[in-house]
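In what follows, a structure is listed as structure tokens, so that the remarks can point back to it.
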Amino acid sequence: MKVLFQSRTNLFDAPGGDMVQMIKTKEFLEKQGIQVDISLEFEPDLKEYDLVHLFNLMEPQDIYRQMINAKKQNKKIALSTIYGLYTEFERKARGGLFQKIANLLSPYQIGYIKVIIKHFFEKRFHKGVVKMLFKGYYGMMKEIVNNTSVFLPNSVSEMNRVADEFKLKNYNFVSIPNAIDQSVFTENETNKENKYSKYKDCIVCAARIEGRKSTLNLVRALKGTNHTLVLVGKESQNQKKYVEQVHKEAGENVVFLGAIPHDDLRDLYKVAKVHALVSWMETPGLSSLEAAAMGCNIVVTKKGDTYDYFEDYAFYCEPDDINSIKIAIEKAFASPFNPELKEKILKNYIWEKTAEETIRGYKKILQS
């Protein structure tokens with residue numbers, strides 16, 4: 001079987017969870033004997049491929065053109081939806097003029113304006129963006145889902161969201177777990193000292209520093225406590241005022257490490273006590289899975305699909321409630337780690353399983 005992976009054109013310039021999912025899925029599919037190529041072009045020649053696998057419905061302006069190309073060349077389409085609107089964040093916590101505007105608009109009108117503004121500033125206007133001007137954000141996504149042969153969401157709740165919002169009936173889907181690389185995130189030599197040992201029993205948050213991750217409220221929740229908060233990840237270039245505010249309010253108990261390699265992240269998780277990802281939306285947050293596999297208690301919000309993955313093993317809070325975040329972290333800090341969570345992750349949420357389920361999705365449409 002030979003498959004072509006396609007996604008947004010700036011995938012490698014602005015890496016995110018969708019890029020990690022794509023690269024890792026490719027790596028582990030190839031271990032199963034599937035040939036996988038990646039193309040971010042709009043109209044590649046598809047004659048040597050059995051199907052096209054698109055990633056990230058939230059960026060429809062790019063994958064729309066890739067979908068049209070696949071349809072033209074009579075190729076079936078698999079879609080990793082990675083779908084979740086940030087409407088609540090835009091209306092409650094974005095701040096500034098856009099928050100006021102967002103409260104007057106539908107979720108899809110918000111998405112429409114964001115895409116247009118982003119492409120204007122990034123000078124990435126192309127035919128897909130122009131098409132969206134006429135079709136609208138929802139209309140473009142609707143056409144993509146209507147031409148999808150099999151959906152590959154990261155959870156059943158994500159699929160339900162897509163089916164409800166786009167009024168789908170009689171669709172094929174296979175739930176594809178978001179996953180960890182168990183060759184990296186293992187607890188070998190657990191007691192060995194490493195360069196992060198000075199942060200022993202810290203609270204760690206591995207995520208981009210931005211409003212959607214509610215980093216500022218996390219900093220505020222831990223202000224004046226005895227906990228060390230270690231922030232790992234890049235700072236948002238589009239929310240510079242927000243990032244400045246995070247730095248301004250961060251006390252001496254906050255450490256900014258920036259982006260660090262995966263091996264270093266593993267060593268940090270080893271010494272940490274709690275991983276807190278208090279986002280407005282996650283499906284479910286790779287760093288939470290990785291940290292839990294290393295024995296960290298997990299603090300998350302129920303926004304998105306986190307409960308599908310963590311069930312009652314996580315400690316839940318509200319992203320806009322500082323006291324709720326603080327209480328969840330204190331509970332997580334005081335509680336022993338439940339090894340059943342680690343067992344659950346190593347059984348269900350590993351890339352080998354992702355590849356296995358993805359192949360099942362492909363076979364569903366190629367054999368029909």
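The values are calculated or read from the model by the stated rules, or taken from the named source; none is laboratory data. These numbers were taken from a predicted model, which means no experiment stands behind them. Every residue, glycine as well, gets a Cβ built from its backbone with ideal geometry; the counts of neighbours run over all protein chains shown. To get the accessible areas, we keep the full protein, side chains included, count just its heavy atoms, and leave off ligands, DNA and RNA. Shrake-Rupley method; radii C 1.70, N 1.55, O 1.52, S 1.80 Å.
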Requested in this report: Sort the chain into rounded, prolate or oblate with this rule: let a ≥ b ≥ c be the square roots of the eigenvalues of the Cα gyration tensor; rounded if a/c is under 1.5, and if a/c is not under 1.5, prolate when a/b is larger than b/c, oblate otherwise.
Outcome: oblate
Report summary line: On the formula 1/(1 + (r/R0)^6), with r taken between the Cβ atoms of Glu311 and Ile113 and R0 of 45 Å, the FRET efficiency rounded to 0.05 is 0.80
Report summary line: Relative contact order as a percentage, the range 1-124, C-alpha pairs under 8 Å and 6+ apart, gives 24 percent
Query raised in the report: Hey, quick one: spin label on Glu43, modelled 7 Å out along Cα-Cβ, who in the range 1-36 has an amide N within reach, i.e. under 20 Å?
Result: 4-10
Query - Between helix 137-146 and the chain: long-axis angle, C-alpha atoms, 0 to 90°, nearest 10 - result: 70 degrees
Query raised in the report: Is the range 278-344 best put as rounded, prolate or oblate by its Cα gyration tensor, with a ≥ b ≥ c the root eigenvalues, rounded for a/c under 1.5, and otherwise prolate when a/b is larger than b/c, oblate when not?
Result: oblate
Query raised in the report: Ignoring ligands, DNA and RNA, what percent of the accessible area of the range 66-156 is carbon or sulfur (1.4 Å)?
Result: 62 percent
Report summary line: Gyration tensor on Cα atoms of the range 79-173, a ≥ b ≥ c root eigenvalues, a/c under 1.5 rounded, else prolate if a/b beats b/c, else oblate, says oblate
Report task. Could you sort 46-53, 2-9, 82-89, 209-216 so that the peptide with the highest average Cβ count within 10 Å comes first and the rest follow in order? Result -> 209-216, 2-9, 82-89, 46-53
**Report entry** Summed residue charge, Cβ within 14 Å of Glu122's Cβ, Lys/Arg positive, Asp/Glu negative
**Finding:** +2
Report task. Which order do the peptides 311-321, 264-274 take when ranked by the mean count of other beta-carbon atoms within 10 Å per residue, highest first? Result -> 264-274, 311-321
Query raised in the report: What relative contact order, as a whole-number percentage, does the range 216-282 give when Cα pairs under 8 Å and 6 or more residues apart are counted?
Result: 38 percent
Query raised in the report: When the distances between all Cα atoms of the range 198-343 are binned every 10 Å from zero, what whole-number percent does each bin get?
Result: 13, 48, 35, 4, 0
Report task. Quote the convex hull volume per residue of the range 183-237, based on C-alpha atoms, as a whole number of Å³. Result -> 116 Å³
**Report entry** Counted charge near Gln245, where neighbours are those whose Cβ lies closer than 14 Å (Asp, Glu -1; Lys, Arg +1)
**Finding:** +3
Query - Other-chain or far-sequence residues with amide H under 5 Å of Asn172's (modelled H) - result: Phe151
Report task. Using per-residue counts of other Cβ atoms within 10 Å, averaged over each peptide, order 69-76, 97-104 from highest down. Result -> 69-76, 97-104
Requested in this report: Enumerate the amide H contacts of Cys317 below 5 Å, restricted to partners 5 or more residues apart or on another chain; note that Pro and chain-start residues carry no placed amide H.
Outcome: Val300, Thr301, Lys302
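Rolling a 1.4 Å sphere over the protein heavy atoms, what is the accessible area per residue of the range 103-235, to the nearest Å²?
49 Å²
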Report task. Please give every one of the aspartates and glutamates within straight-line cross-link reach of Lys195, meaning a C-alpha to C-alpha distance under 12 Å, and leave out same-chain neighbours fewer than 8 residues apart. Result -> Asp263, Asp264, Asp267
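What number comes out for the charge environment of Leu40, summing +1 per Lys or Arg and -1 per Asp or Glu over other residues with Cβ under 13 Å away?
Taking every other residue near Leu40 into account, the sum is -4.
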Requested in this report: Kindly express, to the nearest 10 degrees and within the range 0 to 90, the angle between helix 339-348's C-alpha long axis and the longest C-alpha principal axis of the chain.
Outcome: 20 degrees
Report summary line: Cα extents of the range 250-305 along the principal axes, largest first, in whole Å, come to 29, 27, 19
Query raised in the report: Considering only Cα-Cα distances, which of the following residue pairs are longer than 27 Å: Lys114/Lys331; Lys76/Lys142; Lys135/Lys213; Lys198/Lys248; Lys123/Lys302; Lys302/Lys353?
Result: Lys114/Lys331; Lys135/Lys213; Lys123/Lys302
Query - Evaluated at q = 0.24 Å⁻¹: base-10 log I(q)/I(0), Debye formula over Cα of the range 20-69 - result: -1.03
**Report entry** Charged-residue dipole, Cβ positions (Lys, Arg, Asp, Glu), the chain about Cα centre, Debye nearest 20
**Finding:** 1120 debye
